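Input: a single structure, listed below in structure tokens.
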Ligand code: AOF
Ligand code: ZN
């Protein structure tokens with residue numbers, strides 16, 4: 001195998017490890033690190049949670065017995081440039097230099113302005129061989145939410161639109177489903193696991209008033225590992241009966257977005273925050289949500305809410321889960337913008353198909 005191919009194999013492992021932190025690292029990046037000596041992995045680790053040890057620290061913790069001399073011949077594979085500054089943890093560049101690593105291979109530069117190339121610079125100045133750009137596209141895709149967070153021009157949260165539909169394009173067997181019916185999943189259990197992982201990987205989950213009325217969903221993370229996202233409900237005139245909602249009995253917060261004129265004083269229900277920010281253009285109130293720490297949102301429905309996000313160009317990723325069964329009639333799935341046509345990738349999830357559109361970064 002050529003050396004670049006070998007580098008790509010180890011980097012793929014670093015990316016795989018990094019992804020294990022998907023539900024716990026944001027707003028930090030997902031980072032994995034693999035240390036290799038004579039073509040053998042001698043230590044590996046990942047950034048497990050926000051505020052916790054960085055990937056490099058966890059990887060080096062596995063190799064206490066190797067001498068400085070041995071590590072001079074070793075390579076550290078990291079999917080992100082090592083940090084050179086103090087945040088909640090000390091600089092990883094200091095650790096790499098203290099352990100006398102000979103070579104560092106990274107997938108991408110850290111877009112955090114406090115790092116942004118300075119980590120590479122310090123390593124090179126100290127005589128470490130540095131190679132940047134191995135599996136860069138994959139690494140950028142993995143950390144697309146983190147990249148957006150570092151971009152001052154990206155003023156709203158990262159938005160993922162998600163829905164499930166039948167193979168003939170319906171998201172519900174009924175056009176106007178009855179109140180309190182409860183949701184009937186269109187897709188299979190394996191898809192539910194993927195969807196729950198998406199929930200855990202986002203700071204908030206958003207649904208419209210109709211979905212709440214019809215499904216009374218709990219919007220919790222049950223079939224994957226991770227915390228419940230903050231629940232955001234769009235209820236322009238505050239018409240829902242909040243005390244009857246299943247979600248308020250779940251761990252985590254519920255926030256309601258209403259119009260200024262729909263606001264009728266503070267709701268006296270524990271854990272519910274009322275935000276009278278709703279306007280016709282989601283861009284305005286999304287910006288406000290971001291300033292409240294909502295850096296990423298999974299929009300789960302219903303059709304009208306999803307269409308609103310599509311039509312106002314407020315989306316980054318689109319996740320469509322398609323069952324193999326036909327419904328023949330019912331509520332049509334949202335209409336995709338022309339610009340997304342031909343840009344979806346398809347993969348099987350058990351008996352269902354996952355169609356994914358990802359923002360270029
Ligand atoms: C790395 N390895 O595993 C991660 C890095 O507050 P702190 O100390 O956790 O630092 C957060 C910043 O460090 C984050 O914004 C990003 O620039 C970098 N993340 N760097 O070398 C890691 N998670
Ligand atoms: Zn670090």
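Along the principal axes of its C-alpha atoms, what lengths does the range 200-296 span, in descending order and rounded to whole Å?
39, 29, 22
Give the average over all directions of the projected area of the C-alpha convex hull of the range 245-334, one decimal, in nm².
Quarter of the Cα hull surface area: 8.1 nm².
I'd like to know how the chain sits against the 2.2 N^0.38 Å rule of thumb: what's its Cα Rg over that expected value?
Here the Cα radius of gyration is 1.11 times the empirical estimate.
Given the range 155-358, what percent of its DSSP beta bridges are antiparallel, to the nearest 5?
Percent antiparallel among DSSP bridges in the range 155-358 is about 30.
Where both partners of a DSSP beta bridge lie in the range 3-148, what percent of those bridges are antiparallel, to the nearest 5?
Approximately 55 percent, going by the DSSP bridge assignments.
Take the Cα atoms of the range 3-148, find their three principal axes, and give me the spread along each one in whole Å, biggest first.
39, 31, 25
Highest GNM mean-square fluctuation, the chain, Cα pairs closer than 10 Å: which of 346, 44, 300?
Among 346, 44, 300, the largest GNM mean-square fluctuation belongs to 346.
For the range 3-148, calculate the relative contact order in percent as a whole number, restricting contacts to Cα pairs under 8 Å that are 6 or more residues apart.
Value for the range 3-148: 22 percent.
Given a Förster distance of 45 Å, report the FRET efficiency between residue 269 and residue 154 from their Cβ-Cβ distance, rounded to the nearest 0.05.
Approximately 0.85, to the nearest 0.05.
Relative contact order for the chain: what is it in percent, counting Cα pairs under 8 Å that are at least 6 residues apart?
Across the chain, relative contact order equals 16 percent.
Please give the FRET efficiency for residue 73 paired with residue 183, using the beta carbon to beta carbon distance and R0 = 51 Å, rounded to the nearest 0.05.
0.35
Any idea how far apart residue 62 and residue 88 come out in nm if each label point goes 7 Å out from Cα toward Cβ?
Result: 2.3 nm between the two label points.
How many angstrom separate the Cα center of the range 254-285 from the Cα center of the range 169-241?
Each part's Cα centre sits 19 Å from the other's.
In the range 183-218, whose amide N lies under 19 Å from the spot 7 Å out along Cα-to-Cβ of residue 326? List them in ranges.
186-187
Two decimals is fine: what is log10 I(q)/I(0) at q = 0.09, 0.14, 0.18, 0.19 Å⁻¹ for the range 155-358, from a Debye sum with one equal scatterer on every Cα and no solvent?
-0.32, -0.81, -1.41, -1.57
To the nearest 500 deg cm²/dmol, what mean residue ellipticity at 222 nm is calculated for the chain from DSSP H runs of n ≥ 4 alone, each contributing -39,500 (n - 2.57), summed and divided by the residues?
-7000 deg cm²/dmol
Over all directions, average the projected area of the Cα convex hull of the range 73-141 and note it in nm².
4.4 nm²
Report, largest value first, the span of the C-alpha coordinates of the range 219-263 along each principal axis, in whole Å.
That gives 39, 18, 12 Å along the principal axes, largest extent first.
All of the numbers you see were taken from the coordinates with simple rules; none came from a lab. Being a predicted model, the structure only gives us computed values, none of them experimental. Don't worry about glycine lacking a Cβ; one is built from the backbone with ideal geometry, like all the others, and counts go over all protein chains shown.
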